[in-house]
1. Would you tally the residues in the range 165-175 being in contact with a strand residue (DSSP E or B) (Cβ under 6 Å, 6 or more places away or on another chain) and either surrounded by fewer than 24 Cβ atoms within 10 Å (Cβ to Cβ) or in a loop (DSSP other than H, G, I, E, B) (or both)?
2. When you scan the range 409-430, do you find a residue that is within 19 Å of residue 371 (Cβ to Cβ), within 50 Å of the chain's Cα centre (by Cα), surrounded by 11 or more Cβ atoms within 10 Å (Cβ to Cβ) and without any contact (Cβ under 8 Å) to a residue 40 or more places away in the chain, even just one?
3. Those residues that are surrounded by 23 or more Cβ atoms within 10 Å (Cβ to Cβ) and over 19 Å from residue 59 (Cα atoms), I need them from the range 11-26; list them, please.
4. With 77, 62, 8 as the choices, which residue is buried (at least 17 other Cβ atoms within 10 Å of the Cβ) and either closer than 28 Å to residue 298 by Cβ or touching a helix residue (DSSP H, G or I) at 6+ places or on another chain (Cβ under 6 Å) (or both)?
5. So, in the range 1-51, how many residues would count as being farther than 28 Å from residue 228 by Cβ, assigned to a loop (DSSP other than H, G, I, E, B) and under 27 Å from the mean Cα position of the chain (by Cα)?
6. Run residue 185 past the list (1) at pLDDT 95 or above; (2) in contact with a strand residue (DSSP E or B) (Cβ under 6 Å, 6 or more places away or on another chain); (3) over 30 Å from residue 330 (Cα atoms); (4) crowded, with 19+ Cβ neighbours inside 10 Å and report the number of the one that doesn't hold.
7. Restricting attention to the range 102-124, does a residue exist that is assigned to a helix (DSSP H, G or I) and either more than 14 Å from residue 10 (Cβ to Cβ) or under 23 Å from the mean Cα position of the chain (by Cα) (or both)?
8. Return yes when residue 437 is exposed (fewer than 14 other Cβ atoms within 10 Å of the Cβ), out of contact with any strand residue (DSSP E or B) (no Cβ under 7 Å at 6 or more places or on another chain), modelled with pLDDT of 80 or more and in a helix (DSSP H, G or I) and no when it is not.
């Protein structure tokens, strides 16, 4: 009998909060500094030093909680999570356990097919990051960089509500978009600002009891999350179907070998011996403080998508693409305003040519080589039929290369569209006269040759003839 398996996934996302200093010290959180140059005595865990809570991290945690309709704890407690690791100087991590600052809530995610799914959030708690072990060539030894020690993290723990790697990636993307909209995390996955651990198990479909889960540690790209989960699901099913037993453990994903491997075994949940940190008072948040944070909430991704659909009459797909980031959405709206309308045309160009240019150059939209007003100038020339859409792509490339604005490039290169019907008719007559065999075949029923004649006319005009007029006049001539 073949067993149909169901996948159960929960994610623990670690979002580095966008503060300039650490959660319990004044050390800088800037990325890329020389190893151990941004770690003071508090970060190093020296005896007698005391942590002081950074008030900005509390506001950011509350902001996140409000955005996903979570419970905000009026009283929460920091605890010591005790474990030994080479890059954890104190021998414990300051985190939150029984009383986190953010409680239950939920987020609605959009899957690739456009369907929506609600995923519960168990909690989101504040904690400090550990340092980083460097296993490079130190004459056979490892190095420790404590610049990250004490960096503020918001750990967002989901309910085990996801049933496929696709759903897990959609959830992670949704969170990635949200924390950047809220401006509480830069979302830079290459620098470790946004990463996750995935808890994965399988069970026979219809069974309520969860299977034994494994934890996939420190996944820092959407592609790796999908690959690692699919590999782990396949591995667990193979183990169970061959009569084995899945062991609770922590595993690492090796992207070079495309495999997961054991990092450490967990017979039961780790005994971290949590207890309230005696150096930190309970965190008390007033209603006035919560409302002050609420007043700073921006228009959230779902709200913006709905507005784009209703105000600009965009498809669900276009609205989703254009609201991937606040910067992308703002750029799009600036193009629409500066071009005097045409939201669908603006959407096509922002999501198409502009995004392709950004991807090719590895540039963020805030550093785009073509400004929103410059792109709007190009779209005006398409709308008034000065140039065709095809010629516009050539103009855009020249704009990207710094050759000037659309009007300058059009004039300099002589790209203005031919709209004179008499001039187009003359070229059509020449094309028809030069291709008698194709004309005979077309009139004999080979309708597909119409495209051949269009191509020849456009070639003769170097793409400058108005395509609509070419089609209209050609139909008359060929008939």
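1. So the count comes out to 2.
2. Yes: one or more hits.
3. Of everything in the range 11-26, just one residue is surrounded by 23 or more Cβ atoms within 10 Å (Cβ to Cβ) and over 19 Å from residue 59 (Cα atoms), namely 11.
4. Answer to the selection: 62.
5. Summing the residues that are farther than 28 Å from residue 228 by Cβ, assigned to a loop (DSSP other than H, G, I, E, B) and under 27 Å from the mean Cα position of the chain (by Cα) in the range 1-51 gives 6.
6. (3)
7. No, there is no match, as no residue in the range 102-124 is assigned to a helix (DSSP H, G or I) and either more than 14 Å from residue 10 (Cβ to Cβ) or under 23 Å from the mean Cα position of the chain (by Cα) (or both).
8. It is true that residue 437 is exposed (fewer than 14 other Cβ atoms within 10 Å of the Cβ), out of contact with any strand residue (DSSP E or B) (no Cβ under 7 Å at 6 or more places or on another chain), modelled with pLDDT of 80 or more and in a helix (DSSP H, G or I).
The values are calculated or read from the model by the stated rules, or taken from the named source; none is laboratory data. Just so we're clear, the structure is a prediction, and the values are computed from it rather than from any experiment. We place every Cβ from the backbone using ideal geometry, glycine too, and count neighbours over all the protein chains shown.
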